[in-house]
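Colleague: Before anything else, here's the structure in question.
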Amino acid sequence: MRRTTLALIVTASTIFTALAATALPAQAAQRIDMRVLLLGATGTEPTFQAWQAQLQREGVPFDAVVARPGHTPITAQSLSTTLPDGTQEARYQAVIVATGGLLTCDATPCVSALSAGEWAALQTFEATFHVRQLTAYAFPGPDFGLNAPTVSGPLDNQTGTVTTTGQQVFPYLAGPVQIAAGTYGYQATPVAGAPFNTLVSGPGGSSLVGVFTHPDGREEMVQTFDGNQFQSQSWLLRHGQLAWVTRGTYIGDQRNYLELHIDDVFLGDDIWDPATHTTNYDETAAVRMTPDDVAAAVAWEQRSGLRFDMVYNGGGSVAQQQANAGADPLLDALTAQRAAFGWVNHTYDHPNVDCSTRAFIRKEITDNVAWAQSHGFPVNPAELVTGEHSGLANLVPGNPGTIDPPSLDDATAAGGGTLPAGNYDYSVTATSANGESIGSTTAVTVGANGSALLSWDAICHATTYRVYRSNAGANAWSLVGTVPQPADAFRDPGPVVMSYTDTGATNSPGAPPATNTALISPYGENPNFQGALADAGVTSTASDASKPYPVTPTSTTGAMYPAGASFTEGGFRAVPRYPTNVYYNVATQAQLLDEYNYLYNAPPAGVCVNSAVTTCQTASSTWAQIVQAESDRIFGHVMGNDPRPHYFHQTNIAETRVADGGVLYPVLDAVVADYRRYFAANAPIQQLSQSAVADLLARQNAWAAGSRQVTGYIEGNQVTLVNAAGAISAPLSGTEVGEMYGGMRSGWTSLPTGLSTHTAALAWPGTVVPPPVVPPAPPVTQPVAHDRTPGGPGPVIVPPEGQQGRTPAELRRAARRAAKKKAKARKLAAKKKIAQCVKRHGVSRAAKDPRSKRHAAAVRRVCRIKYARALKPVRRHQTSARESHRAK
């Protein structure tokens, strides 16, 4: 029968699929499994790892195959099968190849990691089932519909442009595609007259991303530059490429999220002093938002279209009112604008609850909710952020990772001592097992034969307290006493009040340290924490996304959740929040610039020490560099299908009346500017409440753990999902599920056990007879370069596996011998299966009864018929590998 050729051409009239073809003679129906095949030569290619990460982020089922020597071969049988009813089933709906030709260059010349037979199987599979291929990084050449490159080397900071056709594939992009610094790639133009559609164009008419339609109708997207998962070009293109290669219907979902938590609202925060390169803990120097800062926050929200979630401490406002005859202008300003912000409970007084009792923690949570409700703030009682993420375990104490100095609540003079009359300075420090904090100081005037009474609240994680005295202004200190931490330092009303009376009787040499060395060792979760949250009805609480947490909460050893993981304990889910280098103790650009450089410069300019987690900078950063680095970090999280919040502090949006105040705004402005530059209006940044974040993280975690129990397939425009486990939610794109976002509909759907069906927006192409085109040879191209060195190795020919140097006649004889050997093996296997079939039916050759003999003969006849096909001789025209491929 003559076979008809169909060339599927990508046009601008469709979003994620080719033009519908005219009807052609149909074969058996086709079923397309909703699974992606990812191929790499080594598994270390940046593009291979980037696509692994992207598929995992979106929740796409996939198989990653690294074609190292000895890998399981890719065959027609591994790619497709035929169901009992004759339906042809493709095991994959898309193929992603990390680099063009999957070349390895361990020896000279470079060779493909796949054999000629494996490439032929892939090409036949793609042509038969209309499966698209993405080559994530290719050296331009005729195999991809491109001319030889005109430029080879770094493409640092070049900008590609999404073409008119490309806008159909990347409908969520506004136009420009930024190529990140450190990117190697090539510029090449399409071959004249070739069926090649440029999607992202580069300088000189080059095509950086395009679609090439092969002579046999296969569609291949080709990208001519590298990209790891952290580079801007990958952030921008991966989602659209995934939608194209899967024809717009796949298991998975993508959104761009940015949650902005502002901690410590209504409190005053310590502030960095650039003159001394230290944090000033003096309460009189603390920075607290003003009504002007509230107005600035509202104005910024209106400009950006984004929302701040105010993570508040009501006790801070009450303290302000008590000190100012009932007045708190900040409360008045925020009450008037309460609908402009989200509100999240940060406990009433912001205590560290690592050591607190169950009753105390519960009261801090519920009192803050009651206070907010009394002022009309729309707070969800089920959401919580504890001060310093305390209460939870801390395996990597940091930020700052030291005990704060005690706060001297009271210092009064009394009699009954031996102190001479005069003015005295007192300083109290706290010690840990590792060192001593800086001191909290106060001044006292004492009469003749007097004494001084000092008091302060107990500090969690402290072991002792040291009291120092100096004549006022002299700065000549003496150690006058040490107070141990009592065993019951934390009770239901809160931390006990520590006290010390200096009578002047004793002293020894010593002075409070200039730096805080009271480091905290790793510690487990407060045993009272889970119960307190359950009592208060809390279902989500914040954790630090930069830290791991133990699986056994009260332990510091054993299995742990990796940094950034969301996990459950008791009745609550931990919602990881991202810290940034916009520190809690900075309000102005000058403060942040000084602290940043002090922390990241090596001595003597700073205190940085290179380690496994810290790389010291070799020169001080400029303000512009800090803004770029922090905004890029945040932007990367936005692009990661990642709803985890970023947290800042009220100091960061304070001091807006100062020229360089409101230090957070330039960073966020840079994020918003980049987003608006790259993204169309149909893909706005999504912002969720903390409870909604917890719910989404729970669904993502459950899907990552249980997705292997769910399979899916496409038949025309019907999507069938098969759930072999219990009820689970699945992400789904390109059907009626969810809402429109970025040019396509997607969302989460609840799957019952068993089958559920959905309708695809675009049907899979109709089944047609493959064209009578001899499959092309494996890609002939150059290996791609991943470094910044210009140029590259010479052209490489990929020889068929085991056939180097043979003549055509020798190849034909070898193919015939291989076919005969295969047929013989097939016969032996069939005979074995017939014998097993007979045995299963309980038939014995030794049967004496005639009826038993007739039954045995019938059984053997049925078994032989069942496996007779395998006993037939191999037809002559199937002895050549190439002819066999064409005959299928």
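Colleague: If you go through region 129-147, how many residues are over 22 Å from Phe48 (Cβ atoms), open to solvent by 30 Å² or more (accessible area, probe 1.4 Å) and either at pLDDT below 95 or not in a loop (DSSP other than H, G, I, E, B) (or both)?
Modeller: So the answer is 1.
Colleague: Look through region 207-238, keep the residues that are of a type in the set (Phe, Trp, Tyr) and closer than 30 Å to His637 by Cβ, and return whichever of them is farthest from the chain's Cα centre (by Cα).
Modeller: Of everything passing the filter in region 207-238, Phe225 is farthest from the chain's Cα centre (by Cα).
Colleague: Pairs, please: C-beta under 6 Å, at least 6 apart or cross-chain, first residue touching a residue at least 24 places away in the same chain (Cβ under 8 Å) and open to solvent by less than 20 Å² (accessible area, probe 1.4 Å) and in region 734-755, second among the acidic types (Asp, Glu) and outside any strand (DSSP E or B)?
Modeller: If the second residue must be among the acidic types (Asp, Glu) and outside any strand (DSSP E or B), the pairs left are Ser746/Asp253.
Colleague: State all residues of region 539-583 that are within 27 Å of Ser621 (Cβ to Cβ) and of a type in the set (D, E, K, R); if no residue qualifies, say none.
Modeller: Asp544, Lys547, Arg577
Colleague: Please count how many residues of region 712-748 are part of a strand (DSSP E or B), more than 30 Å from Ala681 (Cβ to Cβ) and of a type outside the set (Ser, Thr, Tyr).
Modeller: Looking only at that region, the number is 8.
Colleague: Here's a check for you: in region 415-448, which residue that is buried (at least 16 other Cβ atoms within 10 Å of the Cβ), aliphatic (A, V, I, L, M) and in a strand (DSSP E or B) is nearest to the chain's Cα centre (by Cα)?
Modeller: Ala430
Colleague: Step by step: first the residues of region 385-399, then only those that are open to solvent by less than 30 Å² (accessible area, probe 1.4 Å) and part of a loop (DSSP other than H, G, I, E, B), then the one that is farthest from Gly537 (Cα to Cα). Which residue is that?
Modeller: Gly398
Colleague: Do you know which residues across region 571-594 are part of a helix (DSSP H, G or I) and open to solvent by 10 Å² or more (accessible area, probe 1.4 Å)?
Modeller: Gln589, Ala590, Gln591, Leu593, Asp594
Colleague: Does region 282-297 hold any residues that are open to solvent by 20 Å² or more (accessible area, probe 1.4 Å), closer than 14 Å to Gln337 by Cα and not polar (S, T, N, Q), and which are they?
Modeller: Result: Pro291, Asp292, Ala295, Ala296.
Colleague: Now for a separate question. Determine whether region 305-315 contains at least one residue that is among the polar types (S, T, N, Q), at pLDDT 95 or above and crowded, with 21+ Cβ neighbours inside 10 Å.
Modeller: Our first condition is that a residue be among the polar types (S, T, N, Q); within region 305-315, this holds for 313.
From what's left, at pLDDT 95 or above: 313.
So of that shortlist, the ones also crowded, with 21+ Cβ neighbours inside 10 Å come out as 313.
Yes: one or more hits.
Table: residues versus (1) surrounded by fewer than 22 Cβ atoms within 10 Å (Cβ to Cβ); (2) part of a loop (DSSP other than H, G, I, E, B); (3) touching a helix residue (DSSP H, G or I) at 6+ places or on another chain (Cβ under 9 Å).
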residue	(1), (2), (3)
Thr81	yes, no, no
Ile96	no, no, yes
Asp106	yes, yes, no
Pro109	yes, yes, no
Gly117	yes, no, yes
Ala121	no, no, yes
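Colleague: Restrict the check to region 244-265 and report whether at least one residue is polar (S, T, N, Q), in contact with a helix residue (DSSP H, G or I) (Cβ under 8 Å, 6 or more places away or on another chain) and surrounded by 24 or more Cβ atoms within 10 Å (Cβ to Cβ).
Modeller: Yes, region 244-265 contains a residue that is polar (S, T, N, Q), in contact with a helix residue (DSSP H, G or I) (Cβ under 8 Å, 6 or more places away or on another chain) and surrounded by 24 or more Cβ atoms within 10 Å (Cβ to Cβ).
Colleague: Can you confirm whether Glu126 is surrounded by 19 or more Cβ atoms within 10 Å (Cβ to Cβ) and acidic (Asp, Glu)?
Modeller: Working: surrounded by 19 or more Cβ atoms within 10 Å (Cβ to Cβ): yes; acidic (Asp, Glu): yes.
Yes: the conditions hold for Glu126.
Colleague: Filter region 58-81 for residues that are without any contact (Cβ under 8 Å) to a residue 40 or more places away in the chain and of a type in the set (D, E, K, R) and give the result.
Modeller: Matches in region 58-81: Asp63 only.
Colleague: Still on this structure, please answer the following. Residues of region 613-628 being closer than 20 Å to Ala670 by Cβ and modelled with pLDDT under 95, which ones?
Modeller: Once the filter is applied, which keeps residues that are closer than 20 Å to Ala670 by Cβ and modelled with pLDDT under 95, region 613-628 yields only Gln617.
Colleague: Tell me, which residue of region 664-696 that is closer than 15 Å to Glu630 by Cβ and among the charged types (D, E, K, R) is most open to solvent (accessible area, probe 1.4 Å)?
Modeller: Per the stated criteria, the residue is Asp669.
Colleague: For Ala563, are the conditions met, namely being aliphatic (A, V, I, L, M), part of a strand (DSSP E or B) and either in contact with a helix residue (DSSP H, G or I) (Cβ under 8 Å, 6 or more places away or on another chain) or free of Cβ contacts under 8 Å to residues at least 24 places away in the same chain (or both)? Quick ask: steps written out before the conclusion?
Modeller: Working: aliphatic (A, V, I, L, M): yes; part of a strand (DSSP E or B): no; either in contact with a helix residue (DSSP H, G or I) (Cβ under 8 Å, 6 or more places away or on another chain) or free of Cβ contacts under 8 Å to residues at least 24 places away in the same chain (or both): yes.
Against the criterion (aliphatic (A, V, I, L, M), part of a strand (DSSP E or B) and either in contact with a helix residue (DSSP H, G or I) (Cβ under 8 Å, 6 or more places away or on another chain) or free of Cβ contacts under 8 Å to residues at least 24 places away in the same chain (or both)), Ala563 does not qualify.
Colleague: Kindly provide the set of residues from region 551-560 that are open to solvent by 60 Å² or more (accessible area, probe 1.4 Å), assigned to a loop (DSSP other than H, G, I, E, B) and not small (Gly, Ala, Ser), ordered by number.
Modeller: Val551, Thr552, Thr554, Thr556, Thr557
Colleague: Still on this structure, I have one more. Being touching a His at 6+ places or on another chain (Cβ under 8 Å) and not acidic (Asp, Glu) is the filter here; which residues of region 265-284 pass it?
Modeller: The answer is Val265, Leu267.
Colleague: Within region 641-677, which residues are outside any helix (DSSP H, G or I) and either more than 30 Å from Ser540 (Cα to Cα) or modelled with pLDDT under 95 (or both)?
Modeller: Matches in region 641-677: Glu655, Thr656, Arg657, Val658, Ala659, Asp660, Gly661.
Colleague: Across region 174-206, what is the number of residues that are open to solvent by less than 10 Å² (accessible area, probe 1.4 Å), under 25 Å from the mean Cα position of the chain (by Cα) and aliphatic (A, V, I, L, M)?
Modeller: So the count comes out to 2.
Colleague: Can you list the helices (runs of 4 or more DSSP H) lying wholly within region 313-381 that have 2 or more residues being within 14 Å of Asp264 (Cβ to Cβ) and in contact with a His (Cβ under 9 Å, 6 or more places away or on another chain)?
Modeller: Hits in region 313-381: 314-323.
Colleague: Can you pull out every residue in region 400-411 that is outside any loop (DSSP other than H, G, I, E, B) and in contact with a Phe, Trp or Tyr (Cβ under 9 Å, 6 or more places away or on another chain)? Can you show your working first?
Modeller: Going residue by residue through region 400-411, those that are outside any loop (DSSP other than H, G, I, E, B) are 402, 408-411.
If the condition is that a residue be outside any loop (DSSP other than H, G, I, E, B) and in contact with a Phe, Trp or Tyr (Cβ under 9 Å, 6 or more places away or on another chain), then Leu408, Asp409, Asp410, Ala411 are the ones that fit.
Colleague: Assuming Gly661 fulfils every condition listed in (1) under 30 Å from Pro752 (Cα atoms); (2) surrounded by 21 or more Cβ atoms within 10 Å (Cβ to Cβ) apart from one, which condition is it?
Modeller: Gly661 satisfies all of (1) under 30 Å from Pro752 (Cα atoms); (2) surrounded by 21 or more Cβ atoms within 10 Å (Cβ to Cβ) except (1).
Colleague: I've got another one for you. In this structure, is Gly252 in contact with a Lys or Arg (Cβ under 6 Å, 6 or more places away or on another chain), at pLDDT 95 or above and over 18 Å from Thr165 (Cβ atoms)?
Modeller: Judged against the criteria, Gly252 is not a match.
The values are calculated or read from the model by the stated rules, or taken from the named source; none is laboratory data. In this text the structure is predicted, and so the values were computed from the model without any measurement. Ideal geometry is used to build each Cβ from the backbone, glycine not excepted, and the neighbour counts take in all protein chains shown. When the accessible area is computed, the model is the full protein with side chains, heavy atoms only, and any ligands, DNA or RNA have been set aside. Shrake-Rupley method; radii C 1.70, N 1.55, O 1.52, S 1.80 Å.
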